[in-house]
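Throughout, read-outs are computed from the coordinates displayed, never taken from laboratory work. Please read these numbers as outputs of a predicted model, since none were measured by experiment. Don't worry about glycine lacking a Cβ; one is built from the backbone with ideal geometry, like all the others, and counts go over all protein chains shown.
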Amino acid sequence: MTLRPAAASPSADRPAADRPDDLPAGTIQDRLLDAALACFRRMGGKRTRIEDIASEAGLARTAVYRYYPNKRAIVAAMATRWLADDETRLAEIARDSGRSPAARLHAFLLADAEATRRYLTDPGRAEVLDEVMQNIAAVARQHRSHIRRHLAGLMAEGSQAGAFRPAAPERQAQVIDDLTASFHDPRLAAMFDKDSWRERAEAAADTILRSVRAR
């Protein structure tokens, strides 16, 4: 009689690195968020279930609940991750000492607008941000607070260098943020024609620059 080896369990067949217990928490969370975005793109946010995300990630449903209690928490985590990347890029522009304060401010405002346009061209990301704006506003508010902080630092530096007229940098940052809301707020930016938004964003940035430059 020929003896056959015992069948291995599915988890044993997978490489050790694919088992949740062998992966760092950050790696598992990234996998889950990437899987959630893939599901949103394919099925839409409303139809996507926790089971779908777990399956897409190659993990058990219980693994999802270790990190996220519900789908709303996943949506908030996705948006927070993307917006943090945007903040990093904008901070780099604001601190680029190789360019003048005016050049940095212009680039900063356009990059902020461009980030929103990228989300609007991706249905999955656009749906996530729409959910955040409507039901998880604290995520969006915190993001804009970080953006204003970087902007205030740039305005303060420009004022000290004599490039911008003296003014309270935090107030300047708030006013500029308010004036450019139609470009960085996804709900408002969606109303712009995809072929003309950049021209309008550049015109807005130019107007702001003229208003803050030292006389």
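As a calculated quantity, the FRET efficiency between Arg61 and Ser100 at R0 = 45 Å, using C-beta atoms, amounts to about 0.25.
The phi-based Karplus calculation (6.51 cos²θ - 1.76 cosθ + 1.60; θ = phi - 60°) puts the 3J(HN,Hα) values of segment 129-134 at 5, 5, 5, 5, 4, 7 Hz, whole numbers, x for Gly and Pro. Across the options Pro166, Ile147, Ala79, the greatest Cα extent toward the positive end of the charge dipole of the chain (unit charges at beta carbon of Lys, Arg, Asp, Glu) belongs to Pro166. The calculated 222 nm mean residue ellipticity attributable to helices in the chain amounts to -22500 deg cm²/dmol, summing -39500 (n - 2.57) over DSSP H runs of n ≥ 4 and dividing by all residues. Multiplying the residue separation of Asp30 and Ala190 by 0.36 nm and removing their Cα-Cα distance gives an extension gain of 54.8 nm. Per residue, the convex hull spanned by the Cα atoms of segment 59-107 measures out at 88 cubic angstrom. Derived scalar couplings between HN and Hα for segment 155-161 equal 5, 5, 5, x, 5, 5, 7 Hz in order, rounded to whole Hz, by the Karplus curve 6.51 cos²θ - 1.76 cosθ + 1.60 (θ = phi - 60°), x for Gly and Pro. For Arg213, the residues whose modelled amide H falls within less than 5 Å of its own, excluding neighbours fewer than 5 places apart on the same chain, are Arg165.
Restricting the calculation to Cα atoms, the chain shows an Rg/Rh of 1.14 when the hydrodynamic-style radius is the Kirkwood one. Taken along its principal axes, the alpha carbon cloud of segment 43-158 reaches lengths of 51, 27, 25 Å, longest axis first.
From the alpha carbon gyration tensor of segment 102-186, can you work out the equivalent ellipsoid semi-axes (sqrt of 5 times each eigenvalue) and give them in Å, largest to smallest? Before the final figure, lay out the partial values.
Numbers: eigenvalues 151, 38, 14 Å².
That gives 28, 14, 8 Å for the three semi-axes.
Working from Cα positions, state the angle (0 to 90°, nearest 10) between the long axis of helix 197-212 and the longest principal axis of the chain. Taking Cα atoms only, the helix is inclined about 50 degrees.
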